[in-house]
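The values are calculated or read from the model by the stated rules, or taken from the named source; none is laboratory data. Keep in mind that this is a model prediction, so the values were computed, not measured. Neighbour counts are summed over all protein chains in view; Cβ atoms, including those assigned to glycine, are modelled from backbone coordinates with ideal geometry.
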Amino acid sequence: MKGPTYSSVNRDVLAPLFTPNAAYMGALTAALAALAWGGYCWAQQLVHGLGVAGYRPPVFWGVYITTFVFWVGIGHAGTLISAVLFLTRSRWRTGIYRAAEAMTIFAVMTAALFPAIHVGRAWYAYFLFPYPNQRQLWVNFKSPLMWDVFAVSTYFTVSTVFFFIGLVPDMAAVRDSTRGYTQKLYAVMCLGWRGTDRQWRHYMAAYGFFAALATPLVLSVHSVVSWDFAMAQTPGWHSTIFPPYFVAGAIFSGCAMVITLMLPLTKIFKLEDYIHVWHFEHLAKLCLFTGGILTYAYGTEYFIAWYSDNIYEWGTFVDRVVGNYWWVFATMVFCNCLAPLPWYFKKVRTSYLWLFVISILINVGMWFERYNIIASSLSHSFDPAGWVYYVPTYIEWGIMLGSFGWFFTWFLLFVKIMPSVAIAEVKEMMRPPLKSDEEVAAK
Amino acid sequence: MATMNRRDFLRNSAIASSATAVACTWDPKVPVENVLPYVHQDDDVLPGVAQYFATTCTACASACGMVVRVKEGRAIHVSGNPDNPSAVGLCTRGHMVLTETYNPDRFAGPLKAGQPATWDDTLAGLQQAVTQARTDGKAVAWLGQYRTGSLRRLLDELGAGIGLRRVHWDALGVETLLAASRIAFNKDVLPTYDLAEARTIVSFGMDFLSTSVDAMHMIDGWSKARDPKQGAFVARYVAFEPRVSVTSSQADNFLPPTPGTEALVAMALARIVHDKVKYSGPASALVSGVDVAAAVQASGISQEKLEQVAGWITEQPSVVLPGGHANASVDGTALAVATLLINEYAGNIGRSVVFGRELDLGPVNSYADVKALLEDARAGRVGVLFVDGVNPVYNLPIGDNVAEALAAVGTVAHFASGPNDSIVGAAIVLPTGGGLEDWGDAEVIAGLHSMQQPTMNPAQDTRSVGDVLLALGKVLVPAAAAATEVPAPAATEAAPALADGASPAVPAAAPAVVAPTRAGFDAADFGAYVKARWEREIFPLSGATDFTRFWVETLQRGGFFQDATKVRADLVLTTAPAIAGIAAGTEPALVIFPSPHLGDGRHANQPWAQELPDPLSTYSWTSWVEIAPATAKKLGLGESDKVKIKTDAGEIEVGYFASPGVPENVVAVNLGNGHEQMGRYGTGRGANPVRLLVSATDPVSGALAYYGTRATVSRAAGASDVFAAVGNIDQDGRPIANTVTVDEAVAKLEGEAGSIVHLHSIPLDERLVSQGITDMYPEPQHPTYRFGMAIDTNVCNGCMACVVACNLENNIPFIGPDQTRKSRFMSWIRMDRFWEGEGEHQDVRHMPSLCQHCAHAPCEGVCPVLATYHNLDGLNAMIYNRCVGTRYCANNCPYTARRFNFHTWQWPESMHLMLNPDVSTREMGVMEKCTFCVQRIRAAKDSWRDVGQTVPDQALQKLTACASACPSGAITFGNAKDAESTVAKKWESPRAYTLLGELNTKPGIRYLARARFSDGAVSDAGGHGSAPANHGAAPAHHEEG
């Protein structure tokens, strides 16, 4: 038999839902352990105060905000792949979009932890929501942090709804392969899907609308996050280039993360029939494109800092290269600007090993990009009396590790509970059975 | 749930809802507090209303006037006493009187060999010991700090009665200056130096802006001399000393002679001045033998430079100040005499070097006298030794074996409020109440009789020194002195005594010294003794008739202050001073300099004294060595390396500061840390530099030579514990602390329009500016007040009095050495230090940096919960309860003025009693910053509103804690909306600029640029178009309009 059939799609894609193998259990244990360590570190911080972190005034933001922005950025690729590529009818999205969407949701869930972890009094974090109260306290809609609250929560809501809409036909497939209690659960999640023509027609229309609704959010959410920095007047932050630069960076890191996640997934669950190397190749090309934008943005930042003749701005940018944080800057430039370049060669971007290695480097580089923006700018602000060097503590690294634990726990649960490849769309792409070549061609 | 009836439902829901309510109200972070009523309320205590007591500071020998603020029976703040002419503000050490009172290590009662004892037993034991010693023919000795006023008198009386051998010594003492005064003027008092009128101030090492006696008074004169408003000149300050100190950091010309040649330079200068003015007085012959060329050769200071300095000196009026600790070498007295000689030639004696307000610190003994006493002690010739407020084990060189000498004394009794290195073994501790609980008085400056009154009930079972002396005298003196006639007060003093009446400062009306009578010991307590003495001796000076009234007024005013006139004294010098020169050597000469905050080390257990960064190195909580940057480079030192300093006496290992103000042939270590036993905050920090001294003395005065020991410097193993609070040595070309040249400053005096400060500014779009559009948001409304501040950096020397005053007023916690190393200083004022110059023109710029209370505050817009906002008074207000702690405000503050509570900082038991009840303490996770002392503003507004008025300028000028503390009057507060207010006028000064004004934050603080002589001025601000446009000033105009 050559190539998958409709029945083999169901069998292969749903296989992970039934038999957890040793690799899976190992990965889940590791993720839970990381999560537990992160929880311990956070508990330390809640009891003793933020002083357990390495903050060194005037560096008041550090690893937490860096990691927050990192995860928000990761959360970009999912919606881009599922919504934008759907609207542009890029057919290569089918194999990967489900997992990418799941990644988006979990990444945003991870990012959403960080405002609470980051604030000094986590027990009052609810002050950030504009809830009606008798004391007539209200929030400040001028503050970019407030915009953040809305941007991230909107993005989370829309991508979650979009995700579940996309899952409906597949949930029905799972329902049909399970029995008893689980079957009832999946029956609820598929909203009584029967696969009738009428349902398909409405479904596709709804999906299209949601895709259209989600698309602007891809641009808005990271633009808003970038305003956290761009709206402040701190040298190194106060720059109009930030929104496009951040969105490009987000897509760059998001696509890299999709590669990082999907490669092992494909290998472990033997989904090579559905997720081909050309899927990854497309992602790599997207990375090359956005990475190029990023490199250009880095150059523009330096040019403007120099051309503006603003001594504060230029001082910060010079300090990034030659100051204490030179290694952060070097890591960023190497990972984001240079590391993806080998992907220009087809051999490299079709090699699983190189795809994986470079995607990891991009993830590292994008984390350091945010670290570079946050830590080095705050360490070298207007008044030279306040120049310091910030070094994070094990608590911050622990919480960051915990955030990966949290993310991977969700992701691993997802692959165990839901089909990680969109069954219905894969089938759409396949050659229908009992049809001749001529009929397919005529269609 | 079918079985649940109505009653069960109601019961369950009641439990559930009350449990929920309880869970929601209980917050583990909020401590349980009980409100207790006053059972017996004092008549004069009104809860919530502060009382003020005018008293005298006891932190050092200067005895400056001080006002203590008391709330509900607890002293909570101290500041300078404006009625007392001795000082305008209060230095950092003065504020330590308060923390000393509440120090957790304070003695709770008498101790004997470390064990608690009762006062009765302790005093009985002491009386017995004294009797025994006298029977055995052993000395009863007294080693203590300088004492003036009633305590000096009581000591005289007791000394006469029991034959007390007294040695009064201060580690930062004046024996050298006194010796010079005796030689030059034949006077046992010190002249005062009037800086206010001086055109040129030449100093040979005097720390006149920080630790020298009478510094507060001299700072006042200094700030007047530096103010370009005072006639069309600014005083030039020339410093001849080995290292840039807090004081000489203000120098316009810093000229370090080769170590050991300072006195030669002074004599050469005397010669040149002598020749220049064609002096023909009696002292003319004294410089005939001076070889200027040899001095030039030896000192490395060129003849042209000396000629130039001499030229400045001859421009009247000038003043030449004698050496302080920086120049306390074996030639200390010779140098001091030489400076008096220069003053004589320049005609300054009687003009700027004057008597009339002379300093009389009581009996003054030298280090040599202390050594002699210890020698006797070691030989077993001392039966009882009283130690009063000095710490010889710490402050004397190790070669003196002080601990061994103390151990050989039969009974050692310490008057101390907390532990120190000298209280060891079987010593008796007689705990004193300190400056806030005890009666006393002081007469350091002639004519200024300063009153010290108790401001609160003793917090511990303590007695004042005077009370203990009275108790001893009551028992001992009748037996000992019954047969003898009343002696003259100074007859038994070990040092040449000073007769009170001899001073010409006290006008002719001064009565003859009233012989002390035995009756003095009948006083019920020392308070009664003080009162009796005032009635007897000081009341007659006042010319008043009703003593009760005089006494009440004295207590209200903080003393009785006589006017003084300048009195000239003739130079009686007949021989030129002999100059020995410090030991020659190729190694660098060691300077031990007093810490501006720890003094001679006595304040080392005061956490605030430890935590305040040094104004120059900005290090805290430790000791360090200052070496030349070139030396550091030569040794290949990394940032956190330790340095070993080795002399013939010993070695220490400390971190280093590569100071641009230290020449390569000098190393300097700060005095104050390195205690073996100094309570929880002072023990085991840094190293004791006195351990490096070889007991060399100035042969004339007997003073310990703090300067001149040859030391080798090498790299040591291990990491140092120093941490710089200020990140960068200079301002990297940024216009933060700006200067103008003196020529510009005097050409355009205060009140004239237009700025002379050259600032980097980005031009706004002319089309918008021409239409008056400079802002996106409208100006905030300020209907009545726009509180603002003017800070004159021209007279700020970075002493940090403002910082510590603010800390105490606003309940700002100290955070300890570990947290300071993470830069988490909580002080709302950060003292920026930018070291711009080098060589002769050092240009160290100090600038208090605090919340600028911007009208367009960057912090306000970014707070997501509106925890910070601009109020109608122009304050940038902060709501702690609303703050979630996103710290966005702090990131967006260009002045980095915001402080974050990384932990819930703790005040140890007893220190929390010092907290100001008007200011809430802050929990972890909350942002805070300068409030312009909003609690004081509120109180002032309330009380003036009661009489239907707005607060007048006079009541606002020094309202904030920082402004009231500043000894040089650099900080002015007020209502900038009132065009007639002092602050509004200062805002319009040609030297005024707003910090980072180009950001259009419209700060509520304007700085007045420092005036520098153009021969040493460096140009400010890089970037394009250094246009003299005062950016911040223009928008503020329309705010007023």
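Can you say whether B:Ile538 is surrounded by 15 or more Cβ atoms within 10 Å (Cβ to Cβ), over 30 Å from B:Tyr394 (Cα atoms) and at pLDDT below 95, as far as the supplied structure shows? Show your work before the answer.
Values: surrounded by 15 or more Cβ atoms within 10 Å (Cβ to Cβ): yes; over 30 Å from B:Tyr394 (Cα atoms): yes; at pLDDT below 95: yes.
Taking the combined requirement at face value, the residue satisfies it.
Using beta carbons and a limit of 6 Å, which pairs, at least six apart or on different chains, have the first residue in the stretch A:132-146 and at the interface with another protein chain (Cβ under 7 Å from one of its Cβ atoms) and the second one assigned to a helix (DSSP H, G or I) and among the charged types (D, E, K, R)?
A:Pro144/A:Asp228
Among B:Thr709, B:Thr774, which is of a type in the set (Val, Ile, Thr), touching a residue at least 40 places away in the same chain (Cβ under 8 Å) and not assigned by TED's automatic domain parsing to the domain that holds B:Arg830?
Values: B:Thr774 fails: not assigned by TED's automatic domain parsing to the domain that holds B:Arg830.
Matching residue, one of B:Thr709, B:Thr774: B:Thr709.
Which one of these is surrounded by fewer than 22 Cβ atoms within 10 Å (Cβ to Cβ), assigned by TED's automatic domain parsing to the domain that holds B:Leu190 and free of Cβ contacts under 8 Å to residues at least 60 places away in the same chain: B:Gly289, B:Gly281, B:Gly311?
On the way: B:Gly289 fails: free of Cβ contacts under 8 Å to residues at least 60 places away in the same chain; B:Gly281 fails: free of Cβ contacts under 8 Å to residues at least 60 places away in the same chain.
Among B:Gly289, B:Gly281, B:Gly311, only B:Gly311 is surrounded by fewer than 22 Cβ atoms within 10 Å (Cβ to Cβ), assigned by TED's automatic domain parsing to the domain that holds B:Leu190 and free of Cβ contacts under 8 Å to residues at least 60 places away in the same chain.
Among the residues of the stretch A:172-216, write down those that are of a type in the set (A, V, I, L, M) and without any contact (Cβ under 8 Å) to a residue 40 or more places away in the chain. Write out each step before concluding.
Filtering the stretch A:172-216 down to residues of a type in the set (A, V, I, L, M) leaves A:172-174, A:185, A:187-189, A:191, A:204-206, A:211-214.
Correct list: A:Ala172, A:Leu185, A:Ala187, A:Val188, A:Met189, A:Leu191, A:Met204, A:Ala205.
For B:Gly839, state whether it is under 30 Å from B:Thr258 (Cα atoms), surrounded by 23 or more Cβ atoms within 10 Å (Cβ to Cβ) and not hydroxyl-bearing (Ser, Thr, Tyr). If you could, list the steps in order and put the result at the bottom.
Details: under 30 Å from B:Thr258 (Cα atoms): yes; surrounded by 23 or more Cβ atoms within 10 Å (Cβ to Cβ): no; not hydroxyl-bearing (Ser, Thr, Tyr): yes.
No; evaluated as a whole, the condition is false for this residue.
Just one of A:Asn372, A:Asn363 is under 30 Å from B:Leu995 (Cβ atoms) and either away from chain B (no Cβ under 14 Å) or assigned to a helix (DSSP H, G or I) (or both); which is it?
Values: A:Asn363 fails: under 30 Å from B:Leu995 (Cβ atoms).
A:Asn372 is the lone residue from the list that is under 30 Å from B:Leu995 (Cβ atoms) and either away from chain B (no Cβ under 14 Å) or assigned to a helix (DSSP H, G or I) (or both).
Six or more apart or on different chains, Cβ under 6 Å: which pairs go from a residue in the stretch B:909-920 that's over 14 Å from B:Glu100 (Cα atoms) to one that's of a type in the set (A, V, I, L, M, F, W, C) and buried (at least 17 other Cβ atoms within 10 Å of the Cβ)? Could you list them?
B:Asn916/B:Ile76
Out of all the residues in the stretch B:175-197, which are among the hydrophobic types (A, V, I, L, M, F, W, C) and under 25 Å from the mean Cα position of the chain (by Cα)? Talk me through it step by step, then tell me what you get.
Within the stretch B:175-197, the subset among the hydrophobic types (A, V, I, L, M, F, W, C) is B:177-180, B:183-185, B:189-190, B:195-196.
Those that are among the hydrophobic types (A, V, I, L, M, F, W, C) and under 25 Å from the mean Cα position of the chain (by Cα): B:Leu177, B:Leu178, B:Val189, B:Leu190, B:Leu195, B:Ala196.
Looking at the stretch A:87-144, which of the residues that are hydroxyl-bearing (Ser, Thr, Tyr) and in a helix (DSSP H, G or I) is modelled with the highest pLDDT?
To start, the set of residues in the stretch A:87-144 that are hydroxyl-bearing (Ser, Thr, Tyr) comprises A:88, A:90, A:94, A:97, A:104, A:110, A:124, A:126, A:131, A:143.
Checking which are in a helix (DSSP H, G or I) leaves us with A:97, A:104, A:110, A:124, A:126.
On the way: A:Tyr97: 86, A:Thr104: 92, A:Thr110: 96, A:Tyr124: 93, A:Tyr126: 92.
Residue satisfying both the conditions and the ranking: A:Thr110.
Name the single residue that is surrounded by the fewest Cβ atoms within 10 Å (Cβ to Cβ) among those in the stretch B:754-801 being charged (D, E, K, R) and part of a loop (DSSP other than H, G, I, E, B).
Going residue by residue through the stretch B:754-801, those that are charged (D, E, K, R) are B:765-767, B:775, B:779, B:786, B:792.
Remaining after also requiring part of a loop (DSSP other than H, G, I, E, B): B:765, B:775, B:779, B:786.
Values: B:Asp765: 10, B:Asp775: 14, B:Glu779: 13, B:Arg786: 26.
Result: B:Asp765.
Tell me the residue from B:Val844, B:Val865 that is farther than 23 Å from B:Arg734 by Cα and either among the aliphatic types (A, V, I, L, M) or surrounded by fewer than 22 Cβ atoms within 10 Å (Cβ to Cβ) (or both), please. Break it down into steps so the answer makes sense when it comes.
Working: B:Val844 fails: farther than 23 Å from B:Arg734 by Cα.
Selected residue: B:Val865, the only one of B:Val844, B:Val865 that is farther than 23 Å from B:Arg734 by Cα and either among the aliphatic types (A, V, I, L, M) or surrounded by fewer than 22 Cβ atoms within 10 Å (Cβ to Cβ) (or both).
Residues that are outside the structural domain of B:Val429 (by TED's automatic domain parsing) and within 16 Å of B:Asp438 (Cβ to Cβ): find the strands (runs of 3 or more DSSP E) completely inside the stretch B:53-160 holding 1 or more of those.
On the way: elements: B:65-71, B:74-80, B:139-144.
Because the criterion is at least 1 residues that are outside the structural domain of B:Val429 (by TED's automatic domain parsing) and within 16 Å of B:Asp438 (Cβ to Cβ), the strands (runs of 3 or more DSSP E) in the stretch B:53-160 that meet it are B:65-71, B:74-80.
Is it the case, given these coordinates, that B:Val700 is assigned to a loop (DSSP other than H, G, I, E, B), away from every other protein chain (no Cβ under 14 Å) and buried (at least 20 other Cβ atoms within 10 Å of the Cβ)? Lay out the reasoning, then the answer.
On the way: assigned to a loop (DSSP other than H, G, I, E, B): yes; away from every other protein chain (no Cβ under 14 Å): yes; buried (at least 20 other Cβ atoms within 10 Å of the Cβ): yes.
Taking the combined requirement at face value, the residue satisfies it.
Kindly indicate whether any position in the stretch A:21-31 is part of a loop (DSSP other than H, G, I, E, B) and not charged (D, E, K, R). Break it down stepwise before answering.
Filtering the stretch A:21-31 down to residues part of a loop (DSSP other than H, G, I, E, B) leaves A:21.
When the remaining residues are screened for being not charged (D, E, K, R), the result is A:21.
Yes, there is a match, as at least one residue in the stretch A:21-31 is part of a loop (DSSP other than H, G, I, E, B) and not charged (D, E, K, R).
State yes or no: is B:Gln935 out of contact with any Ser or Thr (no Cβ under 8 Å at 6 or more places or on another chain) and over 16 Å from B:Leu875 (Cβ atoms)? Even if it seems obvious, please write down each step before you answer.
On the way: out of contact with any Ser or Thr (no Cβ under 8 Å at 6 or more places or on another chain): yes; over 16 Å from B:Leu875 (Cβ atoms): no.
Spelling it out, it is not the case that B:Gln935 is out of contact with any Ser or Thr (no Cβ under 8 Å at 6 or more places or on another chain) and over 16 Å from B:Leu875 (Cβ atoms).
Looking only at residues that are assigned to a helix (DSSP H, G or I) and touching a strand residue (DSSP E or B) at 6+ places or on another chain (Cβ under 7 Å) in the stretch B:881-906, which one is farthest from the other protein chains (Cβ to nearest Cβ)? Reasoning before the result, please.
Just the residues of the stretch B:881-906 that are assigned to a helix (DSSP H, G or I), to begin with: B:881-882, B:888-892.
Remaining after also requiring touching a strand residue (DSSP E or B) at 6+ places or on another chain (Cβ under 7 Å): B:889-890.
Details: B:Cys889: 9, B:Ala890: 5 Å.
Looking at the filtered set, the residue picked out is B:Cys889.
Restricting attention to the stretch B:316-329, and to residues there that are in a loop (DSSP other than H, G, I, E, B) and touching a strand residue (DSSP E or B) at 6+ places or on another chain (Cβ under 6 Å), which single residue is farthest from B:Gly350 (Cα to Cα)? Before the answer, list the steps.
First, pick out the residues of the stretch B:316-329 that are in a loop (DSSP other than H, G, I, E, B): B:316-317, B:322-324, B:328-329.
Those left that are additionally touching a strand residue (DSSP E or B) at 6+ places or on another chain (Cβ under 6 Å): B:328-329.
Working: B:Ala328: 26, B:Ser329: 28 Å.
The residue in question is B:Ser329.
Just for the stretch B:795-823: of the residues that are out of contact with any Asp or Glu (no Cβ under 8 Å at 6 or more places or on another chain) and of a type in the set (Gly, Ala, Ser), which one is nearest to the other protein chains (Cβ to nearest Cβ)?
B:Ser823
Results for (1) surrounded by fewer than 20 Cβ atoms within 10 Å (Cβ to Cβ); (2) within 14 Å of chain B (Cβ to nearest Cβ); (3) without any contact (Cβ under 8 Å) to a residue 60 or more places away in the chain, shown as yes or no for each residue.
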position	(1), (2), (3)
A:Ala33	yes, no, no
A:Gly38	no, no, no
A:Leu46	yes, yes, no
A:Gly51	no, yes, yes
A:Val59	no, yes, no
A:Gly62	no, yes, no
A:Val72	no, no, no
A:Gly75	no, no, no
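For the stretch A:224-248, which residues satisfy the criterion of being more than 14 Å from chain B (Cβ to nearest Cβ) and either assigned to a loop (DSSP other than H, G, I, E, B) or under 18 Å from A:Ile105 (Cα atoms) (or both)? Steps first, answer last, please.
Our first condition is that a residue be more than 14 Å from chain B (Cβ to nearest Cβ); within the stretch A:224-248, this holds for A:226, A:239-248.
A:Ser239, A:Thr240, A:Ile241, A:Val247, listed by residue number.
Among the candidates B:Ala668, B:Ala725, B:Ala711, which residue alone is within 14 Å of chain A (Cβ to nearest Cβ), under 30 Å from B:Thr820 (Cβ atoms) and modelled with pLDDT of 90 or more?
On the way: B:Ala668 fails: within 14 Å of chain A (Cβ to nearest Cβ); B:Ala711 fails: within 14 Å of chain A (Cβ to nearest Cβ).
Step by step, each of B:Ala668, B:Ala725, B:Ala711 is checked, and only B:Ala725 is within 14 Å of chain A (Cβ to nearest Cβ), under 30 Å from B:Thr820 (Cβ atoms) and modelled with pLDDT of 90 or more.
Among (1) assigned by TED's automatic domain parsing to the domain that holds B:Phe185; (2) surrounded by fewer than 24 Cβ atoms within 10 Å (Cβ to Cβ); (3) among the polar types (S, T, N, Q), which single condition is B:Thr411 missing?
For B:Thr411, the failing item is (1).
State yes or no: is B:Met826 within 11 Å of chain A (Cβ to nearest Cβ), closer than 30 Å to B:Lys985 by Cβ, touching a strand residue (DSSP E or B) at 6+ places or on another chain (Cβ under 8 Å) and aliphatic (A, V, I, L, M)?
Numbers: within 11 Å of chain A (Cβ to nearest Cβ): yes; closer than 30 Å to B:Lys985 by Cβ: no; touching a strand residue (DSSP E or B) at 6+ places or on another chain (Cβ under 8 Å): yes; aliphatic (A, V, I, L, M): yes.
The answer is no for B:Met826.
Could you run through the stretch B:857-880 and say how many residues are more than 7 Å from chain A (Cβ to nearest Cβ) and either on the phi > 0 side of the Ramachandran plot or part of a loop (DSSP other than H, G, I, E, B) (or both)?
We begin by selecting, within the stretch B:857-880, every residue more than 7 Å from chain A (Cβ to nearest Cβ); these are B:857, B:859-860, B:867-880.
Adding the requirement that they be either on the phi > 0 side of the Ramachandran plot or part of a loop (DSSP other than H, G, I, E, B) (or both) leaves B:857, B:867, B:871-875, B:879.
Selection size over the stretch B:857-880: 8.
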